[in-house]
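First comes the structure, then the notes that go with it.
The values are calculated or read from the model by the stated rules, or taken from the named source; none is laboratory data. What you see is a predicted model, and the numbers here were worked out from it, not measured in a lab. Here Cβ is always computed from backbone atoms with ideal geometry, including for glycine, and neighbour counts include all displayed protein chains.
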2 protein chains.
Amino acid sequence: KKRVLVTGGAGFVGSHLVDRLMLMGHNVICLDNFFTGSKANVAHWIGHPNFELIRHDVIDPILVEVDQIYHLACPASPVHYQSNPVKTLKTGFFGTYNMLGLSKRVKARFLLASTSEIYGDPEEHPQKESYWGHVNCVGPRACYDEGKRVAETLAYSYHRQDNVDVRVARIFNTFGPRMNWNDGRVVSNFILQALKDEDLTIYGDGKSTRSFQYVHDLVDGLILLMNSDCKEPVNIGTQQEFTIDEFAKMVIDLAKKETGKCGSNLVYLPALEDDPQRRKPDNSRAKEQLNWEPKWNVVDGLAETVKYFKTQLEERV
Amino acid sequence: KKRVLVTGGAGFVGSHLVDRLMLMGHNVICLDNFFTGSKANVAHWIGHPNFELIRHDVIDPILVEVDQIYHLACPASPVHYQSNPVKTLKTGFFGTYNMLGLSKRVKARFLLASTSEIYGDPEEHPQKESYWGHVNCVGPRACYDEGKRVAETLAYSYHRQDNVDVRVARIFNTFGPRMNWNDGRVVSNFILQALKDEDLTIYGDGKSTRSFQYVHDLVDGLILLMNSDCKEPVNIGTQQEFTIDEFAKMVIDLAKKETGKCGSNLVYLPALEDDPQRRKPDNSRAKEQLNWEPKWNVVDGLAETVKYFKTQLEERV
Ligand SMILES: NC(=O)c1ccc[n+]([C@@H]2O[C@H](COP(=O)([O-])OP(=O)(O)OC[C@H]3O[C@@H](n4cnc5c(N)ncnc54)[C@H](O)[C@@H]3O)[C@@H](O)[C@H]2O)c1
Ligand SMILES: NC(=O)c1ccc[n+]([C@@H]2O[C@H](COP(=O)([O-])OP(=O)(O)OC[C@H]3O[C@@H](n4cnc5c(N)ncnc54)[C@H](O)[C@@H]3O)[C@@H](O)[C@H]2O)c1
Ligand SMILES: O=c1ccn([C@@H]2O[C@H](COP(=O)(O)OP(=O)(O)O)[C@@H](O)[C@H]2O)c(=O)[nH]1
Ligand SMILES: O=c1ccn([C@@H]2O[C@H](COP(=O)(O)OP(=O)(O)O)[C@@H](O)[C@H]2O)c(=O)[nH]1
Ligand SMILES: O=c1ccn([C@@H]2O[C@H](COP(=O)(O)OP(=O)(O)O)[C@@H](O)[C@H]2O)c(=O)[nH]1
Ligand SMILES: O=c1ccn([C@@H]2O[C@H](COP(=O)(O)OP(=O)(O)O)[C@@H](O)[C@H]2O)c(=O)[nH]1
């Protein structure tokens, strides 16, 4: 039984991680500023003796006594992280710096939620952890990408210099219930559009690809990584790669099954600047070092997510 | 006549920039923490009514009222920036953040001294400003490279968001008098070794290249850029590219001329990790937008630098 801090714990991934850690019997502190997360995501734990919720911005220092820190606090979707790039960079840098300082003081193990975005628009496919990436440091996505890259640099600098025990997870596109409703990510956009019988908005020609993993697999991976000896960065993502076109059709099919009808079509809008063309992890390191493999099939995960959004839509009406 | 702040003004490049700005009649504030710079570099201005020297670390906020900010404060040689990677990252991020906050408040124009290192170990040659670079964000050079990359991101984020007027100079290898004596850079190492009749230490096979510009050309470029309308990043460097072997031989020849004798040979040591293999700017943007071109020949510049180090050596004895 450990004292575990989860920053960004009221967000999409964070709240699933909190669930799992609570079920494992740990003492969990969930820290969040509720920028993109919400209390509703962890409401079911409020009042539980092992659970504590702190409203705090990771940009400011904080004193808590813990054994492990999962550092997830950071806006994660292009719409949100581009809405205030300076704030995103401050969260990326100051936030990580403060959590590393905390780890150093209390000798906690630190896990950084990094991202496949540090590979940018990759020229190597699939992406291995040894790949250095292809990122535009002055483009519109840079506040997020460079914020995460420098957060990795900072983590390993604290490791080398102050012996902080660090883990780095490079997370690939993840979806599931509790995804932020209006964060503009492709999964939430498509599902909401399909459920509302609106056309699915495809940016560009629909031929670019992503590999979508279900959130429960990611949570498995994060917990395995935290408790492993693997100090190198580890990709956590699935090999199931889809074009955005294929993915859109899958969502329409599932919406049809769920609602009995779905008249949505695909509409093609201008491509986004610097939008990565392809993304798929080489996840052999996670397999070898963590004995981790995604277990969920995308279609099953998507079906759960469609159900979740349908309930949400009904509650809003 | 402007009020100009030069951070890192007691350093190698900074002190030459201060000289020029003083000769142009500006009011100059030189800010430095003297980590790698020294008071001796600007001693000749102390007492001048247009000059002020402030001991300050850019990691902390500061209030001054100025019209232009040249932000150079940052350790620049691998030996120095790797000696405390966390501090280097803090200087890169907090320092730039504070100076941008200052620029925003007083509506000063801000120029970032960025670097060719943001291109990493480049796969495009020569390097254009549009090249995204090839940087290992978890390697030994990352504290400097990623610190500068994120500083650029921060600068353009302040520009887009708060309308801060920014200029970004991507500086390629520069040498000249007042280079730090013990910073381990190839120019100072080779010259000192040659003057002391020691063997010149070559890391790797001597076949990697650099393009070395003389500091006066760089100072021209920085001032032109500051006063231009060019908001995009601009490479400032020379097209004269040498292998480290060729460069070593040049230094030995010059040392011979200067001292009448030089028995140094080349010794080959193991290569450094992630050491860039080739580096040469495409400087057409500087030519077109600033009407800038390097005027100094490398051999002439080197001769001046050899003289400088010889005097320094004699004074130390
Ligand atoms: N979901 C993905 O596909 C994905 C992919 C790669 C990486 N990640 C990373 O995983 C983490 C979680 O992402 P998510 O998808 O759950 O996004 P999310 O937006 O749902 O969660 C982020 C949480 O952090 C909180 N937060 C943001 N800034 C904060 C600050 N300054 N102080 C305190 N809390 C703050 C938000 O309120 C939110 O609860 C992020 O670090 C993200 O970069 C996610
Ligand atoms: N010389 C080159 O070849 C070269 C190439 C590319 C970029 N640059 C950039 O140009 C700038 C100047 O480099 P240089 O070659 O003159 O190096 P330098 O080490 O001589 O100068 C850096 C100066 O900044 C000061 N400084 C460092 N950290 C500071 C802090 N936290 N607060 C206040 N002052 C601080 C140092 O004391 C020193 O005076 C740097 O930003 C460097 O990254 C230099
Ligand atoms: O329990 C702690 C210990 C440190 N920090 C913050 O973490 C950062 C880095 O701490 P470190 O000790 O490494 O840096 P220093 O303060 O020595 O520069 C600082 O802003 C601290 O305020 C924190 O928030 N909680
Ligand atoms: O309504 C949308 C939202 C996103 N996308 C595309 O889907 C892919 C994934 O986008 P998302 O924002 O979900 O994640 P990321 O780009 O960070 O992988 C990108 O190519 C987007 O351009 C799309 O076509 N329509
Ligand atoms: O004259 C000034 C104005 C700002 N800052 C610092 O610059 C940083 C960024 O300032 P900004 O106003 O952008 O940020 P905020 O304080 O609003 O987060 C802050 O740490 C300020 O303390 C400074 O050193 N001098
Ligand atoms: O004593 C030395 C110092 C440096 N170098 C090499 O010279 C090049 C330039 O190194 P420097 O540190 O001057 O600058 P940077 O690597 O930042 O361009 C690199 O390939 C170094 O490995 C060398 O061979 N001997």
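Which residues, taken from region A:56-84, are more than 6 Å from ligand 1 (Cβ to nearest atom), under 26 Å from A:LYS107 (Cβ atoms) and surrounded by fewer than 24 Cβ atoms within 10 Å (Cβ to Cβ)?
Of everything in region A:56-84, those that are more than 6 Å from ligand 1 (Cβ to nearest atom), under 26 Å from A:LYS107 (Cβ atoms) and surrounded by fewer than 24 Cβ atoms within 10 Å (Cβ to Cβ) turn out to be A:HIS56, A:ASP60, A:PRO61, A:ILE62, A:LEU63, A:VAL64, A:GLU65, A:VAL66, A:ASP67, A:GLN68.
Within region A:227-237, track down each residue that is more than 14 Å from every other protein chain (Cβ to nearest Cβ) and buried (at least 22 other Cβ atoms within 10 Å of the Cβ).
So the first thing to find is which residues in region A:227-237 are more than 14 Å from every other protein chain (Cβ to nearest Cβ), and the list is A:227-229, A:236-237.
The answer is A:ILE236, A:GLY237.
I need a count of the residues in region B:90-131 that are facing chain A (nearest Cβ under 9 Å), farther than 15 Å from B:ASP165 by Cα, of a type outside the set (Phe, Trp, Tyr) and within 16 Å of ligand 5 (Cβ to nearest atom).
2
For region B:133-160, enumerate the residues that are in contact (Cβ under 8 Å) with a residue 24 or more places away in the chain, over 20 Å from B:ALA73 (Cβ atoms) and facing chain A (nearest Cβ under 7 Å).
B:ASN136
Among the residues of region B:159-211, how many are of a type in the set (Phe, Trp, Tyr) and crowded, with 21+ Cβ neighbours inside 10 Å?
In the first step, residues of region B:159-211 are kept if they are of a type in the set (Phe, Trp, Tyr); the result is B:172, B:175, B:181, B:190, B:203.
Next cut, crowded, with 21+ Cβ neighbours inside 10 Å only: B:172, B:175, B:190.
Selection size over region B:159-211: 3.
For region B:131-139, indicate whether the set of residues that are in a helix (DSSP H, G or I), of a type in the set (A, V, I, L, M, F, W, C) and more than 28 Å from B:ASN283 (Cα to Cα) is non-empty. I'd like the intermediate steps shown before the answer.
Start the filter on region B:131-139 by keeping residues that are in a helix (DSSP H, G or I), which leaves none.
No, there is no match, as no residue in region B:131-139 is in a helix (DSSP H, G or I), of a type in the set (A, V, I, L, M, F, W, C) and more than 28 Å from B:ASN283 (Cα to Cα).
Return a yes/no flag: does region B:162-176 have any residue that is part of a helix (DSSP H, G or I) and more than 13 Å from ligand 6 (Cβ to nearest atom). Can you show your working first?
Just the residues of region B:162-176 that are part of a helix (DSSP H, G or I), to begin with: B:162.
If we keep only those that are more than 13 Å from ligand 6 (Cβ to nearest atom) too, we end up with B:162.
So far as region B:162-176 goes, yes, one or more of its residues are part of a helix (DSSP H, G or I) and more than 13 Å from ligand 6 (Cβ to nearest atom).
Consider B:TYR70 against the criteria (1) assigned to a helix (DSSP H, G or I); (2) more than 16 Å from ligand 3 (Cβ to nearest atom); (3) among the hydroxyl-bearing types (Ser, Thr, Tyr); (4) more than 11 Å from every other protein chain (Cβ to nearest Cβ): it satisfies all of them except one. Which criterion is unmet?
With respect to (1) assigned to a helix (DSSP H, G or I); (2) more than 16 Å from ligand 3 (Cβ to nearest atom); (3) among the hydroxyl-bearing types (Ser, Thr, Tyr); (4) more than 11 Å from every other protein chain (Cβ to nearest Cβ), B:TYR70 is out only on (1).
Could you run through region B:120-132 and say how many residues are touching a residue at least 40 places away in the same chain (Cβ under 8 Å) and touching a helix residue (DSSP H, G or I) at 6+ places or on another chain (Cβ under 9 Å)? First the steps, then the outcome.
The first filter runs over region B:120-132 and keeps only residues touching a residue at least 40 places away in the same chain (Cβ under 8 Å), leaving B:120-122, B:125-129.
Applying the additional criterion that residues be touching a helix residue (DSSP H, G or I) at 6+ places or on another chain (Cβ under 9 Å) yields B:120, B:122, B:127-129.
Count: 5.
Return yes or no: is B:ALA169 within 24 Å of B:SER15 (Cα to Cα) and within 13 Å of another protein chain (Cβ to nearest Cβ)?
Numbers: within 24 Å of B:SER15 (Cα to Cα): yes; within 13 Å of another protein chain (Cβ to nearest Cβ): no.
Taking the combined requirement at face value, the residue does not satisfy it.
Is region B:34-55 home to any residue that is out of contact with any helix residue (DSSP H, G or I) (no Cβ under 8 Å at 6 or more places or on another chain) and within 16 Å of ligand 3 (Cβ to nearest atom)?
No - not one qualifying residue is present in region B:34-55.
Against the condition within 16 Å of ligand 5 (Cβ to nearest atom), away from chain B (no Cβ under 14 Å) and either touching a His at 6+ places or on another chain (Cβ under 8 Å) or at pLDDT 95 or above (or both), how does A:PHE51 come out, does it pass? First the steps, then the outcome.
On the way: within 16 Å of ligand 5 (Cβ to nearest atom): no; away from chain B (no Cβ under 14 Å): yes; either touching a His at 6+ places or on another chain (Cβ under 8 Å) or at pLDDT 95 or above (or both): yes.
Answer is no for this residue.
Tell me which residues, restricted to region A:95-151, are in contact with a Gly (Cβ under 8 Å, 6 or more places away or on another chain) and of a type in the set (Gly, Ala, Ser).
A:ALA113, A:SER116, A:GLY120, A:GLY133, A:GLY147, A:ALA151
If I filter region A:58-67 for residues that are away from ligand 2 (no atom under 16 Å from the Cβ), assigned to a loop (DSSP other than H, G, I, E, B) and closer than 16 Å to A:GLY14 by Cα, do I get at least one hit? Spell out the reasoning first.
Taking region A:58-67 and keeping what is away from ligand 2 (no atom under 16 Å from the Cβ), we get A:58-67.
Adding the requirement that they be assigned to a loop (DSSP other than H, G, I, E, B) leaves A:58-67.
Now narrow it down to the ones that are closer than 16 Å to A:GLY14 by Cα: A:58.
Checked region A:58-67: at least one residue is away from ligand 2 (no atom under 16 Å from the Cβ), assigned to a loop (DSSP other than H, G, I, E, B) and closer than 16 Å to A:GLY14 by Cα.
Out of B:ASP197, B:ASP217, which single residue is assigned to a helix (DSSP H, G or I), more than 10 Å from chain A (Cβ to nearest Cβ) and not aliphatic (A, V, I, L, M)? Break it down stepwise before answering.
On the way: B:ASP197 fails: assigned to a helix (DSSP H, G or I).
Exactly one residue qualifies, and that residue is B:ASP217.
Just one of the numbered conditions (1) within 21 Å of A:LYS128 (Cα to Cα); (2) touching a strand residue (DSSP E or B) at 6+ places or on another chain (Cβ under 6 Å) is not true of A:LYS207; which one?
Unmet condition: (1).
Any residue in region B:94-113 that is under 13 Å from B:PRO61 (Cβ atoms) sitting within a Cβ distance under 6 Å of a residue that is aromatic (Phe, Trp, Tyr)? List the pairs, counting only those 6 or more apart or interchain.
B:LEU100/B:TYR158; B:SER103/B:PHE110
Looking only at region A:88-117, count every residue that is more than 23 Å from B:LYS87 (Cβ to Cβ) and either among the hydroxyl-bearing types (Ser, Thr, Tyr) or within 19 Å of the chain's Cα centre (by Cα) (or both) and tell me the total.
Keep residues of region A:88-117 that are more than 23 Å from B:LYS87 (Cβ to Cβ), which gives A:88, A:109, A:111, A:113, A:115-117.
Right, trim to either among the hydroxyl-bearing types (Ser, Thr, Tyr) or within 19 Å of the chain's Cα centre (by Cα) (or both) and you get A:88, A:111, A:113, A:115-117.
Here the count works out to 6.
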